[in-house]
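Peer 1: Input: one structure, supplied below.
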Amino acid sequence: MLKKNTAALSLPKSKTVRGYEIKRLALGGYIRAFELLQEFPTDLMEACFPGDGLRGILERLKRFDAALLESIMGGALAAAPALIIKITAELTGIDEQELRDNPDVGPVGLVEILTVWAEVNSIADFMPAVRKLIGKMRAAVGSSQKPSTGSNA
């Protein structure tokens, strides 16, 4: 019989913040969360350097000046909130337009929603668990390798 992590079981399966119920995700939700977080830098770079590929971005950065800084900051400030709202909506199941339009949410409420999402979904426990797993996998691979004798025979 599989042992269950009693600490994780004691965490609430949902919590309400700013009138929204934030639920613990199934595994597929975590996969989607990581996909969204991986897409975020690319989406942000596209907003800061519209239409430029990596080579074009590097060329523009070689000629960095105040106008480019203003353009980059403008793109980031315009795009980042919308991207964060999109990610929050995907992670929580709250309608994206509702998050934008609800005056009871605002920037602080958005941070509260994401904080509760991380809490309910035990995100703080995830990376230490991954590091522990990687350590065990490395140890298992290291112990299964035959020592080299220096000979091809």
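The values are calculated or read from the model by the stated rules, or taken from the named source; none is laboratory data. Note that the coordinates shown come from a computational prediction; the quantities given were computed from them, not determined experimentally. Methodologically, a virtual Cβ is constructed for each residue, glycine included, from the backbone with ideal geometry; neighbour enumeration extends over all protein chains shown.
Peer 1: Take Glu70 and decide whether it is among the charged types (D, E, K, R), part of a helix (DSSP H, G or I) and touching a Lys or Arg at 6+ places or on another chain (Cβ under 9 Å).
Peer 2: It is false that Glu70 is among the charged types (D, E, K, R), part of a helix (DSSP H, G or I) and touching a Lys or Arg at 6+ places or on another chain (Cβ under 9 Å).
Peer 1: Still on this structure: Among (1) among the small types (Gly, Ala, Ser); (2) surrounded by 10 or more Cβ atoms within 10 Å (Cβ to Cβ); (3) closer than 25 Å to Val111 by Cβ, which single condition is Gly56 missing?
Peer 2: (3)
Peer 1: Can you tell me which condition Thr88 does not meet? The list is (1) free of Cβ contacts under 8 Å to residues at least 12 places away in the same chain; (2) under 19 Å from Arg32 (Cα atoms); (3) of a type in the set (S, T, N, Q), and all the others hold.
Peer 2: Of (1) free of Cβ contacts under 8 Å to residues at least 12 places away in the same chain; (2) under 19 Å from Arg32 (Cα atoms); (3) of a type in the set (S, T, N, Q), only one is false for Thr88: (1).
Listed here are the residues, each with its yes/no results for (1) in contact with a His (Cβ under 8 Å, 6 or more places away or on another chain); (2) more than 30 Å from Pro81 (Cα to Cα); (3) exposed (fewer than 10 other Cβ atoms within 10 Å of the Cβ).
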{"residue": "Val108", "(1), (2), (3)": "no, no, yes"}
{"residue": "Asn121", "(1), (2), (3)": "no, no, no"}
{"residue": "Ala124", "(1), (2), (3)": "no, no, yes"}
{"residue": "Val130", "(1), (2), (3)": "no, no, no"}
{"residue": "Ser143", "(1), (2), (3)": "no, yes, yes"}
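Peer 1: So, one more: If Pro103 meets every condition in (1) loosely packed, with under 15 Cβ neighbours inside 10 Å; (2) in a helix (DSSP H, G or I); (3) more than 19 Å from the chain's Cα centre (by Cα); (4) of a type outside the set (A, V, I, L, M) apart from one, which number is that one?
Peer 2: The single condition Pro103 does not satisfy is (2).
Peer 1: Which one is modelled with the lowest pLDDT, of the residues in region 1-31 that are of a type in the set (Lys, Arg) and closer than 12 Å to Asn121 by Cβ?
Peer 2: Across region 1-31, the extreme among qualifying residues is Lys13.
Peer 1: Which condition breaks for Gly135 when tested against (1) at pLDDT 90 or above; (2) within 18 Å of Ile22 (Cβ to Cβ); (3) in a helix (DSSP H, G or I); (4) not acidic (Asp, Glu)?
Peer 2: (2)
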